[in-house]
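The values are calculated or read from the model by the stated rules, or taken from the named source; none is laboratory data. Keep in mind that this is a model prediction, so the values were computed, not measured. Neighbour counts are summed over all protein chains in view; Cβ atoms, including those assigned to glycine, are modelled from backbone coordinates with ideal geometry.
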Amino acid sequence: MIFEVSLGQIVPQMSGATVECVHARPGDMLAMGSKLVDLSVDLSRAFAQECPPVSYYRVVLREKACLRALTVKPGEALDVGELVALFSTDPAEPLDQTPERALRTTVAGIMHHENMFSGQQL
Amino acid sequence: MTLVPLALGPLEATGFRILRSGVRWLVADGQWCEKDRPIGYFNVSLEPAGRLPVGQPRFADEMDLQVAFAPRVSGRLKLDDGHDRGGYLNIRSIEPWDPAARIAHVETGEAPDDGTATTLRLLMLAGRRMTALADVHSGLLPGWHSRSRGWWGEPGETPRTLLSLGVCDVAGVVLGGQAAFTEMFEMARGALQMVHVPDHPIAPCVPILIDQLERTPAQYEAIARDIHGHFGALADPLTADDWIFLGAVLAVLKNCPIRDRHDAFTSGGLQQLGPAEAVILSLAVEPQSILRHRRLGYHMHVMRHHQAAAGPAVRSWLASAFETVKRPVEAIRRDYETLVDLVRKQTGARIMCLNRMSTSGHEDIASYLGFDAPLSDTLSTVAAKEMNVMLSEVAASHGLDVIDLDAAAAEIGGAEHVPDGIHQSGLLQTILRREILDLLEAPRA
């Protein structure tokens, strides 16, 4: 069975997000609770402000699955609804089929950290 | 309906003549105006009435002086002719302050009973420019200020002072929508002075404030010489961004706003106000790690969005001349305790602090399995809760006052009123403003 993860509307005012880091590689069999990606949401993408209203989020798997394709990399800007990754239950399952559903994930607000694309805080 | 004339009312500065510009209206003729909400303003200047004083004259470091004014009753505004002079006559101070000068009427259904309705309520504003070059004439308190303040009061009253040293969560509440303290002015019952020091280029986290309170003139000279030595020895020339950033850094390092004294011209004459009676901070500005100068030991905290203003030489200096020091919650607690004790000893001011929003409507955590322990190193809401608990404990042990943003936002809906955890809606700012004013106006426990 094929599953997908797309960028959800984490914050009502957001129009997109930036990928800050990825925690898995295609081919990895990920257990429930595995980290997938960290994202930053900058609301000034929609409303220009001097002090950017940036918050950071982590997407974590709520079910076991094999990561088959990761369509994003750190630094990339995504629009809401854009595909992030494809998963399957069987590691060898062909990907040329319509995803059955969205993979179950958790989204949590996280602290900025040094491994993010936006870099280390001086 | 009653037509109430609006006159300027008394404003004095002993030893000076107060001059004003033409009126710059904030409300058009015929529009409704609320009582205590500014409807216009003047630029003002203070000219020595006699011989020029020896040394630096008062207000010389505050090049932006203005007086905003508000009616004391609500109603429909009728502007008198001839007060909006236009052009530079609305910018330059050209006319002496005349307490009896009438500039408008307000048509009101209210029945003012104490005889004060015919005199405008005045909000005095002063901005100390980060550089004298920042001469902007576009509105209330325009330009780039290293300190801005607003004060008000009735004859015979002495304003109490609140100093705001925070990031956006505090600045928005204290400064208000026009960045000129107008909402505080509208809500306050007594005489007050609001002082705001911005978070650029060095953010006012507690170690920075402790450094300011403890730094001697000799230590400042050593820092200035060290900076001169470092940048003077570079092979490549500094960029304009480097120079401007460094100038602002030196200005912040030299000042100690908590100890600042303030001159105020009022309806009762010139008053000299001591250091702030209350200082409001933001818990959100406290970083988990901070830069410390490797040789001289002073701290530096430049927020990410302000780092972009620095040139390459300054960014390289921050990365090489400073070391990163981790700040677990216990270290932050000790810093707060030290600050409260220091401030109590040096000025006696009470410390207020806005806590952090510790819940988020934007996450859906079903299990903590995917997050490394300790959770507060990863999850922002858990980190915020730990910090809030720490702040409450400091409040209990050291007498600090907590402004409970966390509870206020949760009551009205955090996702809607503080969507990124920092920047609040107008409603939330109004609630917090009321809490701050209640604390200011209440007797100290």
For region B:405-427, give me each residue that is in contact (Cβ under 8 Å) with a residue 40 or more places away in the chain, under 20 Å from B:Met387 (Cα atoms) and hydrophobic (A, V, I, L, M, F, W, C). B:Leu405, B:Ala409, B:Ala410, B:Val418, B:Ile422
Select, from A:Ala108, A:Ala65, A:Ala85, A:Ala102, the only residue that is away from chain B (no Cβ under 11 Å), surrounded by 15 or more Cβ atoms within 10 Å (Cβ to Cβ) and within 13 Å of the chain's Cα centre (by Cα). A:Ala85
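Pull up region B:357-389, narrow it to residues that are within 13 Å of B:Val329 (Cβ to Cβ) and among the charged types (D, E, K, R), then point me to the one that is nearest to the other protein chains (Cβ to nearest Cβ). I'd like the intermediate steps shown before the answer.
Step one: of region B:357-389, the residues within 13 Å of B:Val329 (Cβ to Cβ) are B:374-377, B:382-389.
Those still in the list that are among the charged types (D, E, K, R) too: B:377, B:385-386.
On the way: B:Asp377: 7, B:Lys385: 12, B:Glu386: 12 Å.
Result: B:Asp377.
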Test set (1) surrounded by 18 or more Cβ atoms within 10 Å (Cβ to Cβ); (2) assigned to a loop (DSSP other than H, G, I, E, B) - A:Pro91 fails condition number: (1)
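Listed here are the residues, each with its yes/no results for (1) farther than 30 Å from B:Ala309 by Cα; (2) in a loop (DSSP other than H, G, I, E, B).
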position: A:Glu4; (1), (2): yes, no
position: A:Gln9; (1), (2): yes, yes
position: A:Gly27; (1), (2): yes, yes
position: A:Leu36; (1), (2): yes, no
position: A:Gly75; (1), (2): no, yes
position: A:Ala85; (1), (2): yes, no
position: A:Pro99; (1), (2): yes, yes
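Residues are listed down the side, and each one gets a yes or a no for (1) part of a loop (DSSP other than H, G, I, E, B); (2) in contact with a helix residue (DSSP H, G or I) (Cβ under 8 Å, 6 or more places away or on another chain); (3) farther than 28 Å from B:Arg261 by Cα:
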position: B:Ala310; (1), (2), (3): yes, yes, yes
position: B:Ala313; (1), (2), (3): no, yes, yes
position: B:Glu323; (1), (2), (3): no, no, yes
position: B:Ala331; (1), (2), (3): no, no, yes
position: B:Asp335; (1), (2), (3): no, yes, no
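Test B:Ser376 against the criterion of being in a helix (DSSP H, G or I), of a type in the set (Gly, Ala, Ser) and touching an Asp or Glu at 6+ places or on another chain (Cβ under 7 Å), and give yes or no.
Working: in a helix (DSSP H, G or I): yes; of a type in the set (Gly, Ala, Ser): yes; touching an Asp or Glu at 6+ places or on another chain (Cβ under 7 Å): yes.
Taking the combined requirement at face value, the residue satisfies it.
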A:Glu63 - would you say it is in a loop (DSSP other than H, G, I, E, B) and under 30 Å from B:Met303 (Cα atoms)? no
Provide a single number: the residues in region B:280-300 that are more than 9 Å from chain A (Cβ to nearest Cβ), part of a loop (DSSP other than H, G, I, E, B) and surrounded by 16 or more Cβ atoms within 10 Å (Cβ to Cβ). 2
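Would you check which residues across region B:390-428 are among the hydroxyl-bearing types (Ser, Thr, Tyr) and under 15 Å from B:Leu354 (Cα atoms) and list them? Talk me through it step by step, then tell me what you get.
From region B:390-428, those among the hydroxyl-bearing types (Ser, Thr, Tyr) are B:392, B:397, B:425; that's our starting set.
Answer for region B:390-428, where residues must be among the hydroxyl-bearing types (Ser, Thr, Tyr) and under 15 Å from B:Leu354 (Cα atoms): just B:Ser392.
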Write out, first by first residue and then by second, each pair whose Cβ atoms fall under 6 Å of each other, whose residues are 6+ apart or on separate chains, and whose first residue, in region B:68-89, is modelled with pLDDT of 90 or more while the second is among the basic types (Lys, Arg). B:Ala70/B:Arg37; B:Ala70/B:Arg121; B:Pro71/B:Lys35; B:Arg72/B:Lys35; B:Arg72/B:Arg121; B:Val73/B:Lys35; B:Ser74/B:Lys35
